[in-house]
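Quick notes on the structure that follows.
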Amino acid sequence: MDSEMMETSSASKAKGPVLTSRRTVYLGGLSEEVHEAILRATCVPFGPVKSVDIPRDYKKGTHRGFGFVEFDDPDDAAEAIFNLHGSELYGRTLNVSVAQPHQVKLGSERAVWSTDEWFKEQTEGQGSYGSSNNAAAENEAADAVALKENAPVQ
């Protein structure tokens, strides 16, 4: 009960919905015509809606195709999931589930050696020890290319 009260107090301070409770619902597959008022009107029949958030793609100027609705009561959220999952809104089938916290991925999906720039940076620091021998620099560049061709693919 205390954790519910803590979530409620933090929700009033935060702008968006609290994603750590079972009161927040994820709605995916939203059409571009859908905005916060439409999403709120879609979810109000299942219970009082506390907040609605539709993340935006600022490069495109549209929303990202999903949204979050926070209900006052977890039972209302469960009812919305049961009734809205698989239903249609503006010609698109909705994917509705309990919202999960954002998972941060550490690292990159590409290896650092998958680009030529990394090899160039590595070979620049390993020059020919003060001499300006072009043959040595060319050998190092050839070694870098060979390393890249033999690098494991992830």
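The values are calculated or read from the model by the stated rules, or taken from the named source; none is laboratory data. Worth saying up front: this structure is predicted, and the values here are computed from it rather than measured. When we count neighbours, we look across all protein chains shown, and the Cβ atoms used for this are built from the backbone with ideal geometry, even at glycine. Side chains are part of the model used for accessible areas, which takes the heavy atoms of the whole protein and leaves out ligands, DNA and RNA. Shrake-Rupley method; radii C 1.70, N 1.55, O 1.52, S 1.80 Å.
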Which of the numbered conditions does Lys59 fail, given that it passes all the others? Conditions: (1) part of a helix (DSSP H, G or I); (2) loosely packed, with under 13 Cβ neighbours inside 10 Å. (1)
Could you list, ordered by first residue, the pairs with Cβ atoms under 9 Å in which the first is in segment 71-96 and among the hydroxyl-bearing types (Ser, Thr, Tyr) and the second is in a loop (DSSP other than H, G, I, E, B) and open to solvent by 90 Å² or more (accessible area, probe 1.4 Å), at least 6 apart or interchain? Tyr90/Glu32; Tyr90/Glu33
Within segment 32-51, the residues that are surrounded by 14 or more Cβ atoms within 10 Å (Cβ to Cβ) and not in a helix (DSSP H, G or I) are Val34, Gly47, Val49, Lys50, Ser51
Hey, any hits in segment 90-98 for a residue that's at pLDDT below 95, loosely packed, with under 14 Cβ neighbours inside 10 Å and more than 30 Å from Arg23 (Cβ to Cβ)? no
If I filter segment 118-130 for residues that are of a type outside the set (D, E, K, R), under 18 Å from the mean Cα position of the chain (by Cα) and either open to solvent by less than 80 Å² (accessible area, probe 1.4 Å) or at pLDDT 80 or above (or both), do I get at least one hit? no
